[in-house]
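Read the structure below first, then the notes.
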Amino acid sequence: MNVSIFGLGYVGAVTAGCLTERGHRVIGADVQQGKVDAFNAGISPIVEPLLNELLADARTKGMLSATTDSAAAVRDSDVSIVCVGTPSLESGRLNLDYVRKVSEQISAAIVAKGAPHVVIFRSTMLPGSTRILVRDFLEAQIKAGQVRVYYCPEFLREGTAVKDFRDPSLCVVGTHGGAPPESREALELLGEKAEILAWEGAELIKYSCNYFHALKVGFANEIGRLAKFLEVDGARVMDVVCRDEKLNISRYYLKPGNPFGGSCLPKDVSALSSLARMEGIKLPLLDNVLDTNSAHLDLLIKLITSKDTRKVGLLGLAFKADTDDLRGSPMVAVAETLLGRGYQLSVYDPSLNMSRLIGANEAEIQRRMPHLASLLRETAEEVVRDCDLIIVSQKCVDLAALRSVVRPGQSVIDVNGWRELETLVWAYEGLCW
Ligand SMILES: NC(=O)c1ccc[n+]([C@@H]2O[C@H](COP(=O)([O-])OP(=O)(O)OC[C@H]3O[C@@H](n4cnc5c(N)ncnc54)[C@H](O)[C@@H]3O)[C@@H](O)[C@H]2O)c1
């Protein structure tokens, strides 16, 4: 393909070198004459291992050129990849000026060219940005079927960028509505095995990845600070933590849904935070973990109470399925709040047997919901029959059995990411999806 790349910084230069390696002809476009000259001499404008060799080779083979003339770059290519900077403003907000400028230039150049063109945004932009750029600069050409727009975030790391391009950690293609791309260019150029989402989802994935990296660094450093204070080797602690690939370095606990609960997480998070606070060690990340959990619970309660019914059923009361442990269960807090506000509540949890609750578990329920026994139903069907709004926090019911009792006027709130609930006739809503 003939590809123009706007912005010859870290992302643009690497993308250019790697695409020429795959046999595509690349025209680089930048406002800085020095970078354009470097490209035209087959020299990398940035320090990045392996890139000089790629660009020199491409230049020798006639696969690479560069210009400051954006119209010429569009005219001589079928695809434009936008890799210009999106720096922070003084206020911390994102500066989209360069992307807007380039979009305007590309749009005008496509009109002048009068032929089909593909635009791929690769700069990191907040969710909604691609749609705004399309609205402001490319809508008419899209409607005329002349332009297709994709958002393909970049995940390379400086220092290993060429290797990362050749073997990416993740490939994502954002399309207008999340359907597979209507043309092959984005996939062929930037990843055959891409995950495909709507523009906004693809934009959010890039931020989620970077936030996650930042969060991990902050977490490791906070554990390290605490470890040093306790005269423990923090590096060794984190090394061992990372050895657990079943629970720690895994998908586990990385699914939006239920707030955390149970007899361990709330207690242990609280204990470690208060130890640090007492000793005057600043751990803002760890310190706010309980707050974010409460905010999530508040959101669930707000969602339930925003519905126009007071007959609510809970499927699952313990903090997770296959346990009768009610200590610290978010659904007990939900039930407590709803009862306090005069809601009519029915509860089903196959692991709960009031006559078998003993010890701390029984004490917790006696303290918080002494009349729980009167709310418990023998079957999920009874709960569904009695209520207008059903809250499902566990996969604890047989959907086939529910299918015959669910009514079209009912609603369900899925707290646990159990998408099969959508196949029943009730109105489905997910807590975070
Ligand atoms: N650097 C990374 O490791 C990395 C990784 C992934 C994503 N990103 C994202 O990719 C984007 C680019 O990052 P970068 O580090 O390559 O930026 P950079 O600052 O190194 O390069 C940006 C280039 O865009 C050029 N430019 C600005 N306005 C232009 C215009 N109107 N026309 C043509 N060129 C123009 C600048 O002259 C500069 O050469 C950013 O959104 C960044 O957040 C960066």
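The values are calculated or read from the model by the stated rules, or taken from the named source; none is laboratory data. Given the structure is predicted, the values throughout are model-derived calculations rather than measurements. Neighbour counts are summed over all protein chains in view; Cβ atoms, including those assigned to glycine, are modelled from backbone coordinates with ideal geometry. Keep in mind that these areas ignore ligands, DNA and RNA; they rest on the heavy atoms of the full protein, side chains included. Shrake-Rupley method; radii C 1.70, N 1.55, O 1.52, S 1.80 Å.
Table: residues versus (1) assigned to a loop (DSSP other than H, G, I, E, B); (2) within 21 Å of PHE155 (Cα to Cα).
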position	(1), (2)
CYS18	no, yes
GLY28	no, yes
LEU54	no, yes
VAL74	no, no
SER77	yes, no
ILE81	no, yes
THR86	yes, yes
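The selection criterion, being more than 18 Å from GLU185 (Cα to Cα), crowded, with 23+ Cβ neighbours inside 10 Å and within 15 Å of the ligand (Cβ to nearest atom), does not hold for PHE6. Close contacts from the stretch 1-21, counting a first residue that is closer than 16 Å to SER123 by Cβ and a second that is part of a helix (DSSP H, G or I) and open to solvent by 20 Å² or more (accessible area, probe 1.4 Å), with Cβ to Cβ under 6 Å and a gap of 6+ residues or different chains, come to LEU8/LYS35. Listed by position, the helices (runs of 4 or more DSSP H) contained in the stretch 137-207 that have at least 1 residues being in contact (Cβ under 8 Å) with a residue 40 or more places away in the chain are 161-166, 185-190. Does TRP433 qualify as being within 21 Å of LYS302 (Cα to Cα) and either at pLDDT below 95 or open to solvent by 60 Å² or more (accessible area, probe 1.4 Å) (or both)? For TRP433, the condition - within 21 Å of LYS302 (Cα to Cα) and either at pLDDT below 95 or open to solvent by 60 Å² or more (accessible area, probe 1.4 Å) (or both) - is met.
The listed residues are ALA321, ALA335, and the only one of them that is open to solvent by less than 40 Å² (accessible area, probe 1.4 Å), within 26 Å of the chain's Cα centre (by Cα) and under 22 Å from LEU421 (Cα atoms) turns out to be ALA321. Filtering the stretch 245-274 to residues that are in contact (Cβ under 8 Å) with a residue 12 or more places away in the chain and open to solvent by less than 60 Å² (accessible area, probe 1.4 Å) leaves GLY257, ASN258, PRO259, PHE260, GLY261, GLY262, SER263, PRO266, VAL269, SER270, SER273.
Cβ separations smaller than 6 Å between residues 6+ apart or across chains give the following pairs from the stretch 30-43 residues that are free of Cβ contacts under 8 Å to residues at least 60 places away in the same chain and closer than 13 Å to SER65 by Cα to residues that are in a helix (DSSP H, G or I) and within 11 Å of the ligand (Cβ to nearest atom): ASP30/VAL36. Name the residue that is farthest from the chain's Cα centre (by Cα), counting only residues in the stretch 119-128 that are crowded, with 22+ Cβ neighbours inside 10 Å and more than 10 Å from the ligand (Cβ to nearest atom). Per the stated criteria, the residue is VAL119. Of the residues making up the stretch 149-192, those that are small (Gly, Ala, Ser), surrounded by fewer than 14 Cβ atoms within 10 Å (Cβ to Cβ) and under 21 Å from GLY17 (Cβ atoms) number 2.
Per-residue answers, yes or no, for (1) under 29 Å from the mean Cα position of the chain (by Cα); (2) open to solvent by less than 10 Å² (accessible area, probe 1.4 Å); (3) more than 16 Å from the ligand (Cβ to nearest atom):
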residue	(1), (2), (3)
SER103	yes, yes, no
ALA108	no, no, no
GLY114	no, no, yes
HIS117	no, yes, yes
ILE142	yes, no, yes
GLN146	no, no, yes
